[in-house]
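Undergrad: What follows is a single structure, and I will ask about it in a moment.
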Amino acid sequence: MGEGEGGEEPFLDLPNAADVVIIGGGVMGASTAYHLALKGCKNIVLLERTSLFGQEATGKCAGGIRYQFSTEINIRLSLLSLPMLDCFEEELGQVIDLRRCGYLFLLTREEDGKTFQDSMALQHRLGVMTEWLSGDEIRARLPYMRLDDVLAAVWHSRDGLTDPNSVVQGYIAGARRVGAKCLTDLEVISIRIENRRVCGVLTNYGEIATPIVVNAAGPWAAQIGAMAGVEIPIISVRRQIAVTTSIPQLPPDFPFTIDFAQSLYFHREGPGILTGMSNPNEPPGFDQSVDREWELIHFEAAMARMPLLENVGVNSRWAGLYEVSPDAHPILGKVSEADGFYCINGFSGHGFMHGPICGLLLAEEILEGNAHTLDITSLNLNRFREGKPILEYNVV
Ligand SMILES: Cc1cc2nc3c(=O)[nH]c(=O)nc-3n(C[C@H](O)[C@H](O)[C@H](O)COP(=O)(O)OP(=O)(O)OC[C@H]3O[C@@H](n4cnc5c(N)ncnc54)[C@H](O)[C@@H]3O)c2cc1C
């Protein structure tokens with residue numbers, strides 16, 4: 001619930017002015033609010049249009065955290081972000097169910113072998129000690145999976161899983177403790193721009209004057225951009241997940257396993273398995289109903305890989321939205337079209353894990369002019385106009 005009163009009456013608590021307004025209460029908005037407040041920024045207002053924080057892309061995500069990327073900037077984001085999850089409980093007093101079960105990419109195509117070996121060389125140079133396993137080694141490791149066609153696999157033991165909702169709740173509570181106002185049931189309807197400067201936002205309960213707006217609206221980032229006259233090249237694409245009933249034969253240390261060619265993944269979820277498979281033909285859109293036709297294709301592929309699934313039921317299923325940028329990298333930082341408008345968008349299916357560091361980097365950019373923990377110039381929106389995309393290969 002919001003801090004103010006819900007329902008038809010205006011929020012008594014809705015301030016009429018703020019130093020920063022953050023639009024969106026998923027991991028990006030929550031982390032940005034916390035890090036801004038921690039750095040002493042006063043009068044931050046975070047607005048979430050639904051009744052709970054973190055229930056959109058963040059709450060629907062698979063919770064995977066990994067160092068295994070193909071570009072230097074994504075690996076560096078992981079190198080900074082994942083250790084923040086290690087000390088999350090100590091820093092924020094919130095348990096986040098962190099499990100270092102490792103990530104295993106199964107490779108079945110010759111061409112992936114070369115690309116993953118190049119990525120491994122880059123990862124090793126940056127201190128991420130991924131391991132190459134032969135087809136026979138991986139078959140011996142996972143005897144309960146059908147892996148005859150697997151040529152090789154890449155393994156990293158420090159990758160793993162954590163609970164997205166707990167991370168959001170931790171940041172929201174932490175931000176509130178240091179003075180930020182985080183409000184639900186408040187939808188931003190328009191953004192006021194004068195002389196190419198942000199001046200305020202209009203919500204369903206009234207206006208807030210502000211010189212700074214953070215677009216943390218996830219799959220809806222392009223719509224928020226349009227309100228400020230900023231074209232943000234992000235599309236939303238449906239992705240779905242199912243969680244099975246108990247599979248007692250599955251070892252507790254079963255890794256986050258990805259059949260890369262099929263974009264098919266599995267990880268332990270309670271006593272069962274969480275599995276997803278990305279539909280390459282899914283059109284952009286905001287439909288979040290479960291596509292039963294695709295589910296059948298997914299389950300068939302999942303059972304072929306893991307025959308244990310033939311004898312289990314489905315406990316729950318849901319669909320969520322990826323917020324996809326043209327090069328599968330985030331759009332992070334200020335924009336040139338409107339002073340005071342900042343983006344933290346476009347994480348393309350692997351944003352949850354980078355939420356901690358990206359919130360900190362954006363707070364630095366807003367308060368100190370530039371991010372200094374990591375140079376994020378390459379992630380600026382301008383890269384698309386300048387023809388400088390940075391392509392990520394390890395997209396699931
Ligand atoms: C099925 C699935 C699996 C995934 N698996 C992983 C994974 O294993 N690991 C990983 O790192 N990432 C994963 N991701 C990606 C990850 O979930 C996202 O990159 C990340 O959560 C994006 O966070 P966000 O805060 O930008 O977006 P969101 O969590 O969607 O938050 C945006 C918020 O903005 C609000 N909003 C929108 N418009 C307005 C408005 N006008 N006014 C007010 N509020 C507004 C929305 O209600 C929403 O709550 C997965 C995503 C999906 C869908």
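The values are calculated or read from the model by the stated rules, or taken from the named source; none is laboratory data. These numbers come from a predicted model, not from an experiment. Positions of Cβ are backbone-derived with ideal geometry, glycine not excepted, and every protein chain shown enters the neighbour counts. In case anyone asks, the SASA skips ligands and DNA or RNA and just uses the protein heavy atoms, side chains included. Shrake-Rupley method; radii C 1.70, N 1.55, O 1.52, S 1.80 Å.
Undergrad: At a Förster radius of 30 Å, what calculated FRET efficiency corresponds to the Cβ-Cβ distance of I189 and C87, to the nearest 0.05?
TA: 0.20
Undergrad: Moving to a separate point now. Quick one: grab the alpha carbon gyration tensor of the range 351-395, order the square roots of its eigenvalues as a ≥ b ≥ c, and give me rounded if a/c is under 1.5, else prolate or oblate depending on whether a/b is larger than b/c.
TA: Oblate, since a/c reaches 1.5 and b/c is not below a/b.
Undergrad: Hey, rough spin-label estimate for S336 and T245, points 7 angstrom out along Cα→Cβ, what's it come to in nanometres?
TA: Each label point is offset 7 Å from its Cα along the Cβ direction, giving 5.9 nm.
Undergrad: Tell me, what is the percent relative contact order of the chain, built from C-alpha pairs under 8 Å that lie six or more residues apart?
TA: On the way: 896 pairs, mean separation 91.8, N = 396.
Relative contact order, the chain: 23 percent.
Undergrad: Evaluate Rg over Rh across the range 96-147, taking Cα atoms for both radii and Kirkwood's formula for Rh.
TA: Rg divided by Rh gives 1.02.
Undergrad: Quick check: Cα centre of the range 25-69 to Cα centre of the range 273-327, how many Å?
TA: One Cα centre to the other: 25 Å.
Undergrad: Work out how much length Q223 to R125 would gain on full extension: take 0.36 nm times their residue separation and subtract the Cα-Cα distance, in nm to one decimal.
TA: Full-extension gain reported as 31.4 nm.
Undergrad: Students often check this: by mean Cβ neighbours within 10 Å, which of 206-213, 321-328, 339-346 ranks highest, and how do the rest follow? Don't jump to the answer; show the numbers that get you there.
TA: Numbers: 206-213: 19.1, 321-328: 22.1, 339-346: 24.9.
So the order, starting with the most tightly packed, is 339-346, 321-328, 206-213.
Undergrad: Continuing with the same structure: Testing the spin-label approximation: label points 7 Å from Cα along Cα→Cβ at V314 and K42. State their distance in nm.
TA: Modelled inter-label distance: 5.3 nm.
Undergrad: Then there's this: Mind checking the per residue accessible area of the range 181-291 for me, 1.4 Å probe, whole number of Å²?
TA: That works out to 38 Å² for each residue.
Undergrad: What relative contact order, as a whole-number percentage, does the range 67-211 give when Cα pairs under 8 Å and 6 or more residues apart are counted?
TA: Relative contact order, the range 67-211: 24 percent.
Undergrad: For the range 274-362, take N as its residue count and report Rg(C-alpha) divided by 2.2 N^0.38 Å.
TA: Here the answer is 1.45, to two decimals.
Undergrad: Same structure, new question: So what J values fall out for the range 310-322 if you push phi through Karplus, 6.51 cos²θ - 1.76 cosθ + 1.60 with θ = phi - 60°, rounded to Hz, Gly and Pro as x?
TA: Rounded to whole hertz, the list is 4, 10, 10, x, 9, 7, 7, 8, 7, 10, x, 10, 7.
Undergrad: May I pose another question? For the chain, compute Rh as the Kirkwood radius over C-alpha pairs and then the Stokes-Einstein diffusion coefficient at 20 °C and 1.002 mPa s; write the answer in µm²/s, rounded to an integer.
TA: D = 99 µm²/s.
Undergrad: Can I ask one more? State whether the range 163-227 is rounded, prolate or oblate according to the following rule on the C-alpha gyration tensor (a ≥ b ≥ c being the square roots of its eigenvalues): a/c under 1.5 gives rounded; otherwise a/b larger than b/c gives prolate, and the remaining case gives oblate.
TA: prolate
Undergrad: If you don't mind, there's one more thing I want to ask. Do the sum for the chain: with -39,500 (n - 2.57) for every DSSP H run of n ≥ 4, divided by all residues, what is the mean residue ellipticity at 222 nm, to the nearest 500 deg cm²/dmol? Present the calculation step by step, with values, prior to reporting the outcome.
TA: On the way: 10 runs with 108 residues, N = 396.
It comes out at -8000 deg cm²/dmol, rounded to the nearest 500.
Undergrad: Separate question: Using 0.36 nm per residue, how much length does the chain from M303 to R141 gain when fully extended, once their Cα-Cα distance is taken away? Numbers along the way, then the final one.
TA: On the way: separation 162, 0.36 × 162 = 58.32 nm, distance 1.84 nm.
Contour length minus the Cα-Cα distance gives 56.5 nm.
Undergrad: Expressed in nm to one decimal, what extension gain is obtained for the pair H372 and L79 from 0.36 nm per residue of sequence separation less their Cα-Cα distance? Please list the in-between numbers first.
TA: Values: separation 293, 0.36 × 293 = 105.48 nm, distance 1.50 nm.
Extra length available between H372 and L79 comes to 104.0 nm.
Undergrad: Take the alpha-carbon positions of the range 123-171, form their convex hull, and give its projected area averaged over all directions (one quarter of the hull surface) in nm². Intermediate results must be reported in sequence, preceding the final value.
TA: Numbers: hull surface 21.9 nm².
Mean shadow area of the hull around the Cα atoms is 5.5 nm².
Undergrad: Rolling a 1.4 angstrom probe over the protein heavy atoms, how many square angstrom per residue are accessible across the range 1-124?
TA: Result: 40 Å² of accessible area for each residue.
Undergrad: Name the long-range amide H neighbours of N204: under 5 Å, sequence gap of 5 or more, or other chain; modelled H, no Pro or chain starts.
TA: Close amide H contacts, sequence-distant or interchain: E187, I189.
Undergrad: Counting only protein heavy atoms and a 1.4 Å probe, tell me what percentage of the chain's accessible area is made up of carbon and sulfur. Display every interim value, and only then the final one.
TA: Values: 8160 of 15790 Å².
Here it works out to 52 percent.
Undergrad: Once you sort the root eigenvalues of the Cα gyration tensor of the range 76-163 as a ≥ b ≥ c, which label holds: rounded (a/c under 1.5), prolate (a/b larger than b/c) or oblate (the other case)? Write out the running numbers ahead of the final one.
TA: Working: a/c = 3.42, a/b = 1.69, b/c = 2.03.
Verdict is oblate for the range 76-163.
Undergrad: Tell me the Kirkwood radius of the range 1-152: reciprocal of the mean inverse pair distance over distinct alpha-carbon atoms, in Å.
TA: With all distinct Cα pairs of the range 1-152 included, I get 19.3 Å.
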